[in-house]
Amino acid sequence: MLTFDLIIVILVVIFIITSLYLELFGPGLTFVIGIAVLGVSRVLTPKEILGGFANEQVLVIIMLLLIGDTIRRTHIAEALFGRIFAKSKSYKGFLIRMMIWVAGMSAFLNNTPLVAVMMPYVKQWSEKHKISASKLLMPLSYAAILGGCATLIGTSTNLIVNGLVVDQDIIPGLPSLNIFDFVYVGVPMIVIGIAYLYFFGHRMLPDNKADDNDVDDIHRNYLIETQVKKNSNLVGKTIGESGLRNLNGLYLVEIRRQTRVFFVVSNNLSIEAGDLLVFAGNREPIADLMDANSGLSIPEIGMLHRKKSTEVVEVVVSHNSSFIGKILKHINFRSRYDAAVISIHRNQERISGEMHGVEIKAGDVLLLYAGDQFRERIRHTNDFYLISKIKGFEKVETYKLVILIGGLLLAIFLSAFEIISLFMGLIILLLVLFLLKLTNPKDLSGSIDYNLGLIIVMALALGVAMMKSGAAPMFANFFISIFTPMGKYGILIGIFILTSILGAYITGKAAVALIFPIALSMSVKLGLDPQPFILTVAYAAAANFITPIGYQTNLMVFGPGKYSFNDFFKLGLPLTIIYMFVTVFILGFIYF
């Protein structure tokens with residue numbers, strides 16, 4: 001029977017789906033409008049609308065993003081994943097390596113914090129290699145989902161299903177799910193899903209370029225002189241073997257060896273300790289040469305690299321600067337400003353050789369490696385103006401890094417084995433990070449994605465409205481009745497489709513709560529093993545690819561990747577269909 005509440009909810013659902021698919025409004029505003037209508041029509045009470053703000057999962061996601069941002073600022077992820085992905089120079093090489101590692105780790109670690117930690121590194125890698133982050137972030141989320149579906153502890157959705165199995169009273173004595181009950185479908189789908197994303201998916205991903213607020217400056221080129229360290233892994237290698245020809249955005253101009261200079265550098269030339277290598281390139285790739293793992297040092301930096309906090313910045317010499325006409329070494333730049341000039345850019349002129357002897361002119365752009373006192377010392381200078389910060393470096397004590405990474409892993413494992421909730425574990429970890437001064441409470445507001453939190457809260461409220469009005473059970477019974485005449489396999493297909501659709505728009509957890517009792521009842525009515533019905537609900541709810549709101553990792557990459565709902569639908573629908581047929585075929589083969 002159609003009630004007033006039911007009609008209103010159906011109309012709101014139609015509006016939300018239409019608006020999100022056609023991008024009539026932003027996701028946040030779309031949900032606010034829809035929930036506001038439900039509130040005005042008294043389908044939802046204010047308490048029900050605001051209930052999502054007290055939801056533990058919302059706060060867990062926010063805390064994970066805060067911890068992920070702390071890891072990003074300490075450059076731990078950059079160093080760790082730099083070793084894992086050191087040989088990944090091409091887009092497809094990085095893509096396949098990233099998906100394999102993330103899917104493998106996600107099978108045993110909660111996929112939400114894993115994506116939170118990986119996101120900053122993936123974005124930095126994409127910026128460094130001039131590839132849009134939108135080509136990588138959605139595969140990152142999908143790989144985490146694929147891995148999470150392979151074990152009981154890989155995703156919270158599977159744990160919720162297991163909790164329902166333990167609490168149900170439809171089938172007395174039904175055993176709980178084992179950690180490896182999910183591998184029969186999960187592991188094959190990791191392989192199939194990664195293959196789909198690698199060979200076909202990348203073509204459907206959008207190429208959303210980052211906003212460029214500095215178009216005039218981004219192509220400014222510099223010459224930079226580096227020296228091969230004594231213990232460098234480059235020593236003994238030829239130029240061709242070293243990979244120095246393939247540095248993105250940098251070009252090897254010449255090599256100086258004692259009194260000899262090689263202007264046309266042969267690939268067969270062997271590198272020796274102490275060689276001076278001169279590169280030409282843009283500011284960001286040059287900043288990356290400061291990496292301790294590069295095997296190269298920059299002589300001008302000297303002892304500055306030992307400072308706890310440093311940065312690479314650009315400044316421009318003012319027209320009335322006292323530097324004009326002076327040789328750089330006479331300015332005493334390092335002692336005056338706690339910074340070293342590592343390169344100089346001058347329009348229409350190539351500056352090479354010893355920079356100490358360069359005469360400074362008005363308009364020269366200086367690339368600086370600056371210490372922690374630099375900002376304070378330049379507050380009142382008119383000799384130059386700060387243009388931009390290229391990259392920052394923070395050195396953190398080893399024991400603090402161990403506490404940060406170890407604390408996160410410990411919170412995840414304790415949560416997986418139900419010793420302590422992930423919520424409480426993360427709160428404790430954040431308090432420890434405050435005490436160790438690894439993060440500052442004042443910095444938290446800038447790390448929170450408020451739009452993400454708003455969408456999750458509004459989506460939870462919509463789920464409450466659908467259950468409260470009877471819309472969800474009505475849709476469920478309708479779809480199940482359609483697939484019943486198709487037999488055992490048809491019922492599994494129907495359960496998968498319905499759970500997947502509900503999960504995509506009212507979250508997987510709400511879909512599980514609605515469909516689980518229906519699926520279990522269907523198995524009893526047909527006299528079949530309940531295991532394939534239970535697992536089908538779990539896979540369909542967790543393997544959520546077709547919308548960003550259906551699963552938290554999709555929501556996490558939604559904004560940073562500048563995706564639309566249509567992007568997820570276009571890439572995720574084929575993957576969902578593949579997952580459905582693999583699930584039904586394997587479970588039917590094992591249990592029927």
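Listed values, structure above:
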item: Cα centroid of region 88-159 to Cα centroid of region 329-393, whole Å; result: 39
item: Nearest-ten-degree value, helix 508-526 long axis tilted from longest Cα axis of the chain; result: 40
item: Three-way shape label, region 105-199, alpha-carbon gyration tensor, a/c 1.5; result: prolate
item: Links that overshoot a 18 Å alpha carbon limit, given the list Lys307/Lys329; Lys130/Lys391; Lys329/Lys389; Lys89/Lys135; result: Lys307/Lys329; Lys329/Lys389
item: The chain, Cα convex hull volume normalised per residue, Å³; result: 179
item: More than 20 Å apart - percent of Cα-Cα pairs taken over region 313-394; result: 25
item: Debye log10 I(q)/I(0) for region 270-429, one point scatterer per Cα, at q = 0.15, 0.16, 0.18 Å⁻¹; result: -0.85, -0.92, -1.10
item: For region 253-334, alpha-carbon Rg and Dmax in angstrom; result: 16.1, 49
item: Cα long-axis angle, helix 56-74 against the chain (0 to 90 degrees, to the nearest 10); result: 20
item: Per-selection Rg to Rh, region 493-592 - Cα, Kirkwood hydrodynamic radius; result: 1.03
item: Hull volume in cubic angstrom per residue (convex hull over the Cα atoms of region 398-437); result: 46
item: Ranked packing of 555-565, 491-501, most packed first, by mean Cβ within 10 Å; result: 491-501, 555-565
item: Helix-only mean residue ellipticity at 222 nm for the chain, each DSSP H run of n ≥ 4 adding -39500 (n - 2.57), per residue, nearest 500; result: -17000 deg cm²/dmol
item: Nearest 10 degrees, 0 to 90: helix 398-416 Cα axis against the chain principal axis; result: 10
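Throughout, read-outs are computed from the coordinates displayed, never taken from laboratory work. The structure presented is a predicted model; accordingly, all values stated were derived computationally and were not measured. All Cβ positions, even for glycine, are placed from backbone atoms using ideal geometry, and neighbour counts span all protein chains on display.
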